[in-house]
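Any read-out appearing in this document is the output of simple, stated calculations on the displayed coordinates, not a laboratory observation. Not measured: the values here are computed from a predicted model. Neighbour counts are summed over all protein chains in view; Cβ atoms, including those assigned to glycine, are modelled from backbone coordinates with ideal geometry.
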Amino acid sequence: WANADFSRGVGTTFYQEFYTLNTAKPPFVRDVEAKVRRYMRSSYSAAWTLKITWEKAPVFAPWTDTQKTITYQAVLTTDGFRSYILMLYQDGGMQWDYTRLTSTNVLIGYT
């Protein structure tokens, strides 16, 4: 995420927060719960979920082509005891040309 550059007016970032403890759950939160249950093979009921979207994010570099952008999301969710993150990328994955970045050990995800 640190390599996105929104300073030239290309792309945007937005978020949506879902408090779902004692309230009806929207379809998005139900989908997140289903993914956590499937991937973690455990029961899960979200109390809080945050969806962050980086839309048409251009890479940070002096040679950047603002036409090569990517859209990706991080979805953080917790039941109050366990927390999970889903990393979602547009179809085709990372579209930036990582071979032109100053660092060659580029990772998609988090550590």
Task: Karplus (6.51, -1.76, 1.60) ³J(HN,Hα), θ = phi - 60°, over region 11-23, in Hz, Gly and Pro reported as x - done: x, 7, 10, 8, 9, 9, 10, 10, 8, 10, 6, 6, 9
Open item on the list: Need the list of aspartates and glutamates near Lys68 for cross-linking: C-alpha distance under 13 angstrom, and skip anything on the same chain fewer than eight residues off.
Closed with: Asp5, Glu55, Asp97
TODO: Using the Karplus curve 6.51 cos²θ - 1.76 cosθ + 1.60 with θ = phi - 60°, work out ³J(HN,Hα) for each residue of region 71-83 in order, rounded to whole Hz, and write x for Gly and Pro.
DONE: 10, 8, 9, 10, 10, 9, 8, 8, 9, x, 10, 10, 10
TODO: Rounded to whole Hz and in sequence order, give me ³J(HN,Hα) for region 35-47 from the Karplus expression 6.51 cos²θ - 1.76 cosθ + 1.60, θ = phi - 60°, writing x for Gly and Pro.
DONE: 5, 4, 4, 5, 6, 9, 6, 8, 6, 7, 9, 6, 9
Task: Environment charge of Ser42, counting only residues whose C-beta is closer than 13 Å and scoring Lys/Arg +1, Asp/Glu -1 - done: +3
